[in-house]
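Data block below; observations after.
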Amino acid sequence: MTLLAVGINYNTAPVAVRERLSFPTDKLKASLQELWQVKGITEAAILSTCNRTELYCTSSTANQQTLIDWVAQSKQINAADFAPYLYCHTDSELIRHIFRVASGLDSMILGEPQILGQMKTAYQAACDAGTLGNRLGKLFQHTFTAAKKVRTDTAIGSSPVSVAFAAVQLAQQIFDKLSEQTALLIGAGETIELTARHLTQQGIGRLIIANRTYDKAHTLAAQFNGYAIDLSELPTHLAEADIVISSTASQLPILGKGRVESALKKRRHKPMFMVDLAVPRDIEAEVEQLRDVYLYTVDDLQHTIDQNMSSRRLAAEQAEEIIDTQVDYFLAWLRAQSAQSLIRTYRLQAEQNRDEALQKTLAALKNGLPPEEALNRLAHTLTNKLTHTPSTQIRLAAENERHDLLAAALEIFKLNHPQ
């Protein structure tokens, strides 16, 4: 049985190719069951995110081309349009790859934690579709264990490497309790959404989201129990904000020195923490001259991010060592599985010998054989049955100078070396 995977990611394929090979959540179950029914595929799982699509399988006869053909048929596209962007992994390479993916070592942002949740979603989808078996199911479980160990034993996820997270971490350093602060976020794009999520996770007291399009602000604010305002309402609400974080696509500044100065007077000069994540700037540079304002730009945060990325790279080296060990553990488990059928056969044979000997002994007891003699006969019969075949094979191995078999017998039966 072979472990097999094919996939594409942000590093091997442009977004135009990746989006054609993605598997929507609402169609994933049907896709998994179709893949599982392909001849030679015994187990199947699919990981599909914006940055990667990967198919994991166990196979008796299928190979890389089998999966490529299925993808082409499933997506109704020519294999030549995506095959050059694919990578393929089998057995130990696949094990290492999936461990690295779940640990964030293969991500666009090194060490990002979201991929582990996405991997768990892929596992659950395969469970729900009934396409997981012993090997692939165990691989996913061990993958989660390896990723957790990387997270707990290294600092790979402890340093922020996104401007949104860096901004929120900086706010935590400035304010003792975010739960007592009001944050005003300007914009409604991905960066502001990520900032809102981080602030909410850290227990921000109140959240206001301002955007040129009110509906977008309202939709985003509703996700985080916040309050939405139109951009034109900024002068009214700016004084309420202890934290201001802005990221829009505006070509002109949204907040000038005069407006911020007016807000500070309303606040009786209670300090404001401001972060401008936009390029071009949303907040005029002159705002920094105000006494009660702490203004940071994306460049200020980038220095922190660069330092943290360097720390993550050092942690990644430690993570690779952990993964090496975890791969060895899982390979040992796989090798043990190959012996399971042999163990079952051996135990079945032993149980049959036991049952035969026991039936004969019970019959002898019924015929009047004394119990002590019956037990001695049972013990003698079982000993002979259990040792006869191994003794015969060891004798033949010695006659044929099969020293490897003789050494194996010593190991298997845990015998002292004969004098």
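Where a number appears in this text, it was derived from the coordinates with a stated rule and is not lab data. These figures come from a predicted structure and were not determined experimentally. All Cβ positions, even for glycine, are placed from backbone atoms using ideal geometry, and neighbour counts span all protein chains on display.
The GluC sites (Glu not before Pro) of segment 341-419 that DSSP puts in a loop, and whose beta carbon has at most 14 other beta carbons within 10 Å, are 401.
Calculated from the structure at hand, Rg and Dmax of the Cα atoms in Å is found among (i) 26.1, 89; (ii) 32.6, 113; (iii) 27.2, 90 as (ii).
In sequence order, segment 173-181 has phi-based couplings of 6, 7, 9, 5, 10, 5, 5, 9, 10 Hz under the Karplus curve 6.51 cos²θ - 1.76 cosθ + 1.60, θ = phi - 60°, and Gly or Pro positions carry x.
Distance from the alpha carbon centroid of segment 195-243 to that of segment 329-349 works out to 59 angstrom.
Highest mobility in the GNM of the chain, judged by mean-square fluctuation with C-alpha springs under 10 Å and restricted to 195, 66, 345, is found for 345.
Placing +1 on each Lys and Arg Cβ and -1 on each Asp and Glu Cβ, with no other charges, gives the chain a dipole about its Cα centre of roughly 1020 debye.
How far is the Cα center of segment 86-101 from the Cα center of segment 250-265, in Å? After rounding, the separation between the Cα centres reads 52 Å.
In straight-distance terms, cross-link reach from residue 257 covers every one of the lysines whose alpha-carbon lies under 28 Å from its own, apart from those fewer than eight places away in the same chain; here that gives 177, 216, 265, 266, 270. Once a ≥ b ≥ c are taken as the square roots of the eigenvalues of the Cα gyration tensor of segment 163-305, is the result rounded (a/c under 1.5), prolate (a/b larger than b/c) or oblate (a/b not larger than b/c)? Because its axes are fairly even, with a/c under 1.5, segment 163-305 counts as rounded. Taking every C-alpha pair closer than 8 Å and separated by at least 6 residues, the mean separation divided by the residue count of the chain gives a relative contact order of 12 percent. Excluding same-chain neighbours fewer than eight residues apart, the lysines reachable from residue 120 by a Cα-Cα span under 16 Å are 29, 138, 148, 149. Converting phi to 3J(HN,Hα) with the Karplus coefficients 6.51, -1.76 and 1.60 and the offset θ = phi - 60°, segment 109-114 yields 9, 3, x, 4, x, 4 Hz in sequence order, with x at every glycine or proline. The shape of segment 35-82 comes out oblate: with a ≥ b ≥ c from the C-alpha gyration tensor, a/c is at least 1.5 while a/b does not beat b/c. Report relative contact order for segment 270-318 in percent, whole number only (criteria: Cα-Cα under 8 Å, sequence separation at least 6). Relative contact order for segment 270-318 comes out at 37 percent. A cut-off of 5 Å between modelled amide H atoms, ignoring neighbours fewer than 5 places along the same chain, links residue 297 with 276.
For segment 168-270, trypsin sites (Lys or Arg not before Pro) meeting the loop criterion (DSSP other than H, G, I, E, B) and having at most 14 other Cβ atoms within 10 Å: 177, 268. Full extension of the chain between residue 268 and residue 313 gives 11.7 nm of extra length, using 0.36 nm per residue less the Cα-Cα distance. Full extension of the chain between residue 320 and residue 294 yields a length gain of 5.4 nm, computed as 0.36 nm times the residue separation minus the alpha carbon distance.
Over segment 2-153, Cα pairs under 8 Å with separation of 6+ residues give a relative contact order of 30 percent. In this simple spin-label approximation, residue 362 and residue 395 carry label points 7 Å from Cα along the Cα→Cβ vector, and these lie 3.3 nm apart. In sequence order, segment 41-48 has phi-based couplings of 8, 9, 9, 8, 8, 10, 9, 9 Hz under the Karplus curve 6.51 cos²θ - 1.76 cosθ + 1.60, θ = phi - 60°, and Gly or Pro positions carry x.
Here is how the number arises for the chain: DSSP H runs of 4 or more residues each give -39500 (n - 2.57), the sum is divided by the residue count, and the result at 222 nm is -18000 deg cm²/dmol. Candidate cross-link partners of residue 414 among the aspartates and glutamates, defined by an alpha-carbon separation under 20 Å and a same-chain spacing of 8 or more, comprise 404. Placing unit charges on each Cβ (+1 for Lys and Arg, -1 for Asp and Glu) gives segment 342-412 a dipole about its Cα centre, and among 365, 384, 352 the Cα reaching farthest toward its positive end belongs to 365.
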